[in-house]
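Take a look at the structure set out below.
The values are calculated or read from the model by the stated rules, or taken from the named source; none is laboratory data. Computed from a prediction, not measured in an experiment: that's the story for all the values here. Here the Cβ positions follow ideal geometry from the backbone for every residue, glycine too, while neighbour counts run over all protein chains shown. Note: areas computed on protein heavy atoms with side chains; ligands, DNA, RNA excluded. Shrake-Rupley method; radii C 1.70, N 1.55, O 1.52, S 1.80 Å.
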Amino acid sequence: MTRSFKFAIEARDPHSSARAGALTTGHGVIPTPIFMPVGTRGTVKAVAPDDLVSLGARIVLANTYHLMLRPGEELVARLGGLHRFMGWPGPILTDSGGFQVFSLSKLRKMTEDGVTFQSPYDGARTFFSPERSVEVQTALGVDIMMCLDECTGYPSAREEAEKSMALTRRWAKRCREAWSRSDTDQALFGISQGSFYPDLRRRSAEEITELDFPGQAVGGLALGEPLEDRLEALEAAREGLNPDKPMYLMGVGTPVDIIEGIRRGADMFDCVLPTRNARNGQLFTRLGRLVIKNARFREDERPPDERCGCYTCRTFSRAYLRHLFQNDEPLAMRLASVHNLHYYLDLVGGAREALLNGTFSGYYTEFYEDLDRGREDGFTRA
RNA sequence: GGAGGGGUUCCCGAGCGGCCAAAGGGAGCAGACUGUAAAUCUGCCGGCAAUUGCCUACGGAGGUUCGAUUCCUCCCCCCUCCA
């Protein structure tokens, strides 16, 4: 079968590596740069797919490892695949389980062959491998699959980082082989690693480029390192990647991370921050962050951000949102998630517009000016 | 009228002679969160002074004791059961 995945670059910023483009998948076209809301268990927590549609979300993430454990990929396949199961008609990208190698590091054992995970749900041990990851992602029927990688922590010793990126490369090769045997309309992205050693970052990127995946990712960032280290690693990785392919910056990040990522050529982003922090009472705005639970908003009639066009800001006051959080009302999480996702999608959408209009450097400058203005107005610097 | 149980810091609720400014919850306040084991987690939570310090507090008033939230007496409230 011919695969429908394509990537076309539509505009470039003359002063940076930023570009606008379009990703074509079997479930629709995705304008880039794009932010992908995270829906680990087949749901973007606290919002329904119709919220995502009205927010203008174009693609969502789900997680291979978690869906494999619950409800199991075979069940999802029997019920018509993940799109149908979760009621989301647009494209889906699944993370391979590589992040769980990191986040569940206390519950797993690594070998050359793969990882043995102890389930956080019931403690049962399951063996997970590159081939198994591809198999699960194939069964889920997602549009973009990710290679199983090893995501190491921060900081990592050079020797450890080197060993880890070599393993990630061997696993990438195995994933690629498993994927090429399949006959489905799914793309597979390779993931580069290399910790925070620029030469390793670059080499890992080159190794992934050699394997010639439809898309390329930079993994293993935003693990607690300073911003400068992160950006340096990203730049080093980009030098080793094929510039004609989409670059996905995995798990990143804050609004600043995203704008800086775009500037360095990243096309795709995902992060739990807008949704998780929303549920924990933190709103992201172009002026900075607002901890809406704070007592100072008790009688604040203003919307979170006066210039934001989202449903939450058009309809509700800070005082009301604070009240909802104070009382653990479920609506609080939905309204906050809707706002944060709107802001993130608007941030990347605005960058795309600017790139198409040739005004990206102005957009970039304005981004920081807004944050400075917000700091004077009681917002926390994002 | 009789029998029993109880009144503790904003609330609930342990403590029942010194280790008690008083366990544990809750509420309140603040912070964290980056390919989601997260509607989670952490800190503060009588006042003042701020290295051990002082003051105010365990229904009220007395008393016993070196020392009482803890023991005794009386009083005031509350609850349950029996008349």
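In the list A:Ser195, A:Ser204, which residue meets the criterion of being open to solvent by less than 10 Å² (accessible area, probe 1.4 Å) and in a helix (DSSP H, G or I)?
A:Ser204
Quick check on this structure: which one of A:Thr94, A:Thr32, A:Thr25 is under 30 Å from A:Asn242 (Cα atoms) and within 10 Å of RNA strand B (Cβ to nearest atom)? Break it down into steps so the answer makes sense when it comes.
Details: A:Thr32 fails: within 10 Å of RNA strand B (Cβ to nearest atom); A:Thr25 fails: within 10 Å of RNA strand B (Cβ to nearest atom).
None of the others qualify; the one that does is A:Thr94.
Specify the residue that is nearest to A:Phe269 (Cα to Cα); the eligible residues are those in segment A:6-32 that are open to solvent by 40 Å² or more (accessible area, probe 1.4 Å) and not in a strand (DSSP E or B).
A:Ser17
Mind checking which strands (runs of 3 or more DSSP E) fall wholly inside segment A:248-333 and carry at least 1 residues that are touching a Cys at 6+ places or on another chain (Cβ under 7 Å) and either under 24 Å from A:Ala20 (Cα atoms) or open to solvent by less than 10 Å² (accessible area, probe 1.4 Å) (or both)?
A:282-285
Yes or no: A:Asp149 touching a Leu at 6+ places or on another chain (Cβ under 9 Å) and touching a residue at least 60 places away in the same chain (Cβ under 8 Å)?
Considered against the rule, which asks whether it is touching a Leu at 6+ places or on another chain (Cβ under 9 Å) and touching a residue at least 60 places away in the same chain (Cβ under 8 Å), A:Asp149 comes out as yes.
Can you say whether A:Leu167 is open to solvent by less than 30 Å² (accessible area, probe 1.4 Å) and either in a loop (DSSP other than H, G, I, E, B) or among the charged types (D, E, K, R) (or both), as far as the supplied structure shows?
Here the answer is no, as A:Leu167 does not meet what is asked.
What about A:Gly153, is it modelled with pLDDT under 95 and not in a helix (DSSP H, G or I)?
When the stated conditions are applied, A:Gly153 passes them.
So is A:Leu227 closer than 27 Å to A:Tyr364 by Cβ, of a type outside the set (D, E, K, R) and open to solvent by 10 Å² or more (accessible area, probe 1.4 Å) or not? Before the answer, list the steps.
Numbers: closer than 27 Å to A:Tyr364 by Cβ: yes; of a type outside the set (D, E, K, R): yes; open to solvent by 10 Å² or more (accessible area, probe 1.4 Å): yes.
So A:Leu227 passes the test.
One line per residue, one yes/no per condition, for (1) away from RNA strand B (no atom under 12 Å from the Cβ); (2) in contact (Cβ under 8 Å) with a residue 12 or more places away in the chain; (3) of a type in the set (S, T, N, Q):
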| residue | (1), (2), (3) |
| --- | --- |
| A:Leu200 | yes, yes, no |
| A:Ala205 | yes, yes, no |
| A:Glu210 | yes, no, no |
| A:Leu221 | no, yes, no |
| A:Glu225 | no, yes, no |
| A:Glu232 | yes, yes, no |
| A:Glu235 | yes, yes, no |
| A:Val252 | no, yes, no |
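Would you point out which residue out of A:Gly265, A:Gly281 is away from RNA strand B (no atom under 14 Å from the Cβ) and small (Gly, Ala, Ser)?
It is A:Gly265.
Quick check on A:Thr184: is it surrounded by 22 or more Cβ atoms within 10 Å (Cβ to Cβ), outside any helix (DSSP H, G or I) and of a type outside the set (Gly, Ala, Ser)?
Spelling it out, it is not the case that A:Thr184 is surrounded by 22 or more Cβ atoms within 10 Å (Cβ to Cβ), outside any helix (DSSP H, G or I) and of a type outside the set (Gly, Ala, Ser).
What number goes with the only condition from (1) under 28 Å from A:Thr43 (Cβ atoms); (2) assigned to a loop (DSSP other than H, G, I, E, B) that A:Glu225 does not pass?
A:Glu225 satisfies every listed condition except (1).
Any chance segment A:238-246 includes a residue that's touching a residue at least 40 places away in the same chain (Cβ under 8 Å) and closer than 30 Å to A:Pro330 by Cα?
So far as segment A:238-246 goes, no, none of its residues is touching a residue at least 40 places away in the same chain (Cβ under 8 Å) and closer than 30 Å to A:Pro330 by Cα.
List, please: which pairs have Cβ atoms under 6 Å, are six or more places apart or on different chains, and start with a residue in segment A:122-140 that is farther than 15 Å from A:Trp171 by Cα and of a type outside the set (Ser, Thr, Tyr) and end with one that is part of a strand (DSSP E or B) and open to solvent by 40 Å² or more (accessible area, probe 1.4 Å)?
So the pair list comes out as A:Arg125/A:Thr116; A:Arg125/A:Gln118.
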